[in-house]
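The values are calculated or read from the model by the stated rules, or taken from the named source; none is laboratory data. Just so it is clear, the structure is predicted and the values come from calculations on it, not from any experiment. Here the Cβ positions follow ideal geometry from the backbone for every residue, glycine too, while neighbour counts run over all protein chains shown.
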Amino acid sequence: MHSFIARASARPGFRLCSGVIARTCRLQSSNAPRSAWKQAIITESPVLVQENFPKHFVFVLDVGKRFIKFSFIGLVLLGIATGSAYEGAHIWAEKHGLAPDSDEEVKGWQWESDADKWTGDPAHGGTDPGLGFNARHLVRAAWMAYTWGIGHSTAAIGSHDQRGTGLVGPAGIKVINPQLQTTEAFLRAAIRHAESIPDQLYPHTLPQLFTLHGNVLEKLGSDFLPEAKTDLERAWAGLDAQGLDSARIALKLGDIVSRLGLKEQALEWWARALALITDNSSPNVLGLIPKQPPSSPLAQRLLSSTLVSLSAFYAKSGQYRMAESIEEDALSVLRAIPPPNSLASTSPPQALHALFLLQRSSILSIHLAEVLYAQRRPEISSIQWLTFAAESSERVARVLTGLPLVKSQEFHSKNPLPNPLEERLLTSYTASRSMKPVAEGLLRDARRTAAEAWNLMGVLHETKEGSNSKSALECFERAVQWAGTPSSEVDGGREAAEGIPDADWRVFWRNYQRALGQAPSATAK
């Protein structure tokens with residue numbers, strides 16, 4: 001601009017005033033932004049936008065394609081990982097979880113014979129290969145649910161549940177154990193499949209499946225006892241009524257039909273069990289009780305359990321003389337089984353066998369004490385039997401949890417009791433697949449029996465010495481200590497321990513509170 005003005009000024013006759021120069025400068029200044037705006041408009045013309053649109057669309061499609069691709073790969077990898085974990089769990093269950101116990105001492109005391117059977121070969125365990133891929137998975141899934149649980153959940157059933165393969169419960173809605181229900185569902189499906197291919201299976205496969213299913217149904221509650229009875233009857237038929245496995249099923253059937261109120265059938269099944277255990281065919285139940293115990297450890301345990309069932313049956317039926325005779329004979333034959341010299345130094349399988357028989361003797365002693373009291377015999381006789389029962393059950397609980405044993409002369413002192421929240425089973429029992437469930441049930445029964453014996457002793461002391469009896473208070477306190485567990489959520493700081501029915505706990509606690517309020521020493525304190 002300046003050069004143009006200079007050249008124009010140099011021309012002859014050409015004059016450029018200062019106002020023109022100023023206006024020209026203003027036009028240049030005002031046109032600069034407009035030229036940039038026009039350039040932008042030209043750059044973003046519709047033609048160019050249309051040309052760029054396919055590029056953006058292709059880019060979006062490429063991103064979406066990559067997202068779908070990697071999502072698919074991720075899902076495939078997740079599926080492979082899940083499937084591998086699932087099959088890995090089944091392989092572990094087949095090879096290890098369902099393997100037979102390899103401890104020769106455990107086998108010598110026949111604890112592996114007491115364990116649940118899951119259709120596998122007796123020597124190698126596992127499941128029956130004849131069941132096929134799907135049914136074997138169902139059996140293993142049932143074992144996993146039964147052994148490992150299914151997490152924290154509840155299951156509810158009602159009277160309007162019309163599923164053909166499900167469990168129909170009682171009227172209304174009822175919450176049941178989801179772990180047992182899941183186990184039952186898997187076993188039911190496995191049985192349905194196994195019944196369609198009986199020729200491909202081991203001879204023991206169907207009887208074992210029926211036994212497992214019947215046991216689970218029994219644990220689900222009284223509403224399922226009729227179906228449990230049917231399953232166990234089919235298991236009995238499949239075993240041809242031979243051997244100790246049949247004796248165990250006969251014992252279980254006797255217990256179930258007794259709960260159903262079928263008294264004559266119950267006696268028949270218990271008689272069959274005794275006949276198989278003792279190799280005796282006497283038509284009289286009393287004639288089936290042997291004078292000497294059988295030599296087999298498993299037969300000894302089955303005999304003691306059958307005698308406990310018979311004792312309870314006759315006592316509840318009001319046939320006290322018959323019950324007393326059975327209880328005395330039963331205690332006599334159990335005393336004939338030599339105990340180990342020292343429970344502390346003996347092997348865990350042998351100790352568990354001795355503790356099992358001792359706990360059965362404790363239950364029989366409570367039955368005998370109740371029967372004697374019902375026949376109006378002197379209270380001292382019942383108290384003596386109850387004391388023996390309490391001592392025996394406390395001894396069982398102490399040995400199982402590793403607490404020091406109490407000498408007879410120190411039995412009534414304030415010695416520490418196993419705390420349900422702290423003292424657990426010894427690892428020598430929990431480490432064995434065969435002994436662990438037996439030991440857990442035995443510890444639970446020992447606590448309950450000890451509490452029951454102490455509570456009944458308290459009642460007898462109250463009857464004999466009056467409502468302010470100090471002995472009664474001590475007995476009731478001991479019962480509460482055995483049946484309860486520390487708790488900060490309830491009044492009194494204690495609640496029912498695991499395995500103690502709420503109804504029993506309320507009786508123990510009510511008796512203790514009553515005696516505590518009436519005892520002079522307690523009132524003064």
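Taking region 237-291 as the range and being of a type in the set (Lys, Arg) and in a helix (DSSP H, G or I) as the test, the residues that pass are ARG248, LYS252, ARG259, LYS263, ARG272. Pick out the one residue from PRO207, PRO294 that is within 18 Å of SER113 (Cβ to Cβ), of a type outside the set (Gly, Ala, Ser) and outside any helix (DSSP H, G or I). Exactly one residue qualifies, and that residue is PRO294. The residue that is nearest to ASN134 (Cα to Cα), counting only those in region 172-204 that are in a helix (DSSP H, G or I) and of a type in the set (Val, Ile, Thr), is ILE191.
Figure legend. Inter-residue proximity from region 78-105: first residues of a type in the set (Lys, Arg), second residues surrounded by 13 or more Cβ atoms within 10 Å (Cβ to Cβ), beta-carbon distance below 8 Å, spacing 6+ or different chains. Indicated pairs: LYS95/GLY126. Scanning region 140-147 for any residue that is at pLDDT below 95, buried (at least 19 other Cβ atoms within 10 Å of the Cβ) and part of a loop (DSSP other than H, G, I, E, B) turns up nothing. Scanning region 442-490 for residues that are more than 26 Å from the chain's Cα centre (by Cα), without any contact (Cβ under 8 Å) to a residue 40 or more places away in the chain and surrounded by fewer than 24 Cβ atoms within 10 Å (Cβ to Cβ) yields a total of 4. Which condition number in (1) surrounded by 11 or more Cβ atoms within 10 Å (Cβ to Cβ); (2) modelled with pLDDT of 85 or more; (3) of a type in the set (D, E, K, R) is the one that ARG494 fails? Exception for ARG494: condition (2).
Is one or more of the residues making up region 120-128 surrounded by 19 or more Cβ atoms within 10 Å (Cβ to Cβ), closer than 26 Å to LEU355 by Cα and touching a residue at least 40 places away in the same chain (Cβ under 8 Å)? The answer is no, given that none of the residues of region 120-128 is surrounded by 19 or more Cβ atoms within 10 Å (Cβ to Cβ), closer than 26 Å to LEU355 by Cα and touching a residue at least 40 places away in the same chain (Cβ under 8 Å). Name the single residue, out of those in region 340-383 being in contact (Cβ under 8 Å) with a residue 12 or more places away in the chain and among the β-branched types (Val, Ile, Thr), that is farthest from GLY402 (Cα to Cα). Taking the candidates together, the pick is VAL371.
If only residues of region 401-444 that are more than 23 Å from HIS353 (Cβ to Cβ) and basic (Lys, Arg) are counted, the one that is modelled with the lowest pLDDT is LYS414.
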